[in-house]
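Worksheet: the structure to be examined is printed underneath.
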Amino acid sequence: MSDIFREVEEEVRQERLQKWWKKYGNYVVAGISILVIGVAGWKMWERYDQQQRIKASSQIESAAQMSAAGQADLAAQAYAQIAKKAPTGYALVAQLGQADELLASGRTNDAVALYMQVAEHDKAGLGDVARMRAAWAQGDKLSTEELKTLLAPLNNGTSKWRFMARELLAYRALHDNAVEAAGKEFAALAADKDAPSSLRQRADAMATLIRTSGGKDYGSVPPPPKPAEAQGTAAP
């Protein structure tokens with residue numbers, strides 16, 4: 001008797017399963033298809049992305065070779081083309097390279113604008129490099145306060161660029177004839193064991209030069225006299 005009940009129960013389950021499949025089967029098949037297509041699509045995207053990265057890397061290397069050969073204009077053009085199509089990280093590297101070539105070509109304003117574009121897009125890493133280079137490019141053109149503002153994100157206790165920021169500000173102080181302040185900052189950098197050794201050596205050399213020369217530039221050539229002064233007469 002129990003066998004009959006089991007057979008009936010089995011038939012009921014099969015009938016329910018068939019009804020459920022007729023009602024939802026298409027959705028199940030569609031869901032599985034979407035999953036399979038999604039996985040395949042992701043694999044294809046990964047392969048494509050890898051190919052694009054390899055391509056961008058090769059193009060950046062070619063642009064760097066142009067730069068090494070002294071072809072700054074061609075290198076800048078090559079970097080600009082790479083930046084248009086390369087994956088984000090490589091595009092930033094290309095923009096940084098383009099800015100370097102523009103600076104080497106004497107196009108300082110264009111270079112600085114591109115440096116700052118990279119700095120605004122990337123708040124660390126390449127962005128910090130770009131900000132530092134922008135500061136060096138116009139260190140003698142900006143006012144001291146403008147330079148401090150530009151370097152503020154780097155001139156803090158955690159940034160690895162803080163030593164270079166302080167060095168540039170020390171040079172700016174010297175440019176402003178704040179000789180004593182510049183000497184103290186160079187001396188402090190030279191004594192800072194956390195600073196890179198090459199920077200400490202430069203800072204020590206500058207501190208010694210300022211201390212022994214009083215901040216005077218004995219190697220500079222004085223400006224030529226005005227025509228009226230050269231003749232010993234007053235200007236009309």
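For the reader, a short list of remarks on this structure follows.
- Test result for A234, at pLDDT below 95, assigned to a helix (DSSP H, G or I), of a type outside the set (D, E) and over 20 Å from the mean Cα position of the chain (by Cα): no
- Looking across segment 88-112 at every residue that is exposed (fewer than 14 other Cβ atoms within 10 Å of the Cβ) and more than 17 Å from S67 (Cβ to Cβ), the one that is modelled with the highest pLDDT is identified as N109.
- Hits in segment 196-206 (condition: in contact (Cβ under 8 Å) with a residue 24 or more places away in the chain and surrounded by fewer than 19 Cβ atoms within 10 Å (Cβ to Cβ)): P196, L199, R202
- Qualifying residue in segment 178-187 (condition: assigned to a helix (DSSP H, G or I), surrounded by fewer than 19 Cβ atoms within 10 Å (Cβ to Cβ) and in contact with a Gly (Cβ under 6 Å, 6 or more places away or on another chain)): yes
- Q138 meets the conditions (1) out of contact with any Leu (no Cβ under 9 Å at 6 or more places or on another chain); (2) at pLDDT 90 or above; (3) polar (S, T, N, Q) in every case but one. The failed one is (1).
- Residues (over 13 Å from T88 (Cα atoms) and either at pLDDT 90 or above or of a type in the set (F, W, Y) (or both)) located in segment 113-126: A113, L114, Y115, M116, Q117, A119, E120
- In segment 130-143, the residues that are closer than 10 Å to A119 by Cα reach residues that are part of a helix (DSSP H, G or I) and β-branched (V, I, T) with C-beta atoms within less than 6 angstrom, at least six apart or across chains, in these pairs: A130/V118; A134/V112.
The values are calculated or read from the model by the stated rules, or taken from the named source; none is laboratory data. Nothing here was measured: the structure is a model prediction, and the numbers come from that model. For neighbour counting, all protein chains shown are included, and Cβ atoms are generated from backbone atoms with ideal geometry for every residue, glycine included.
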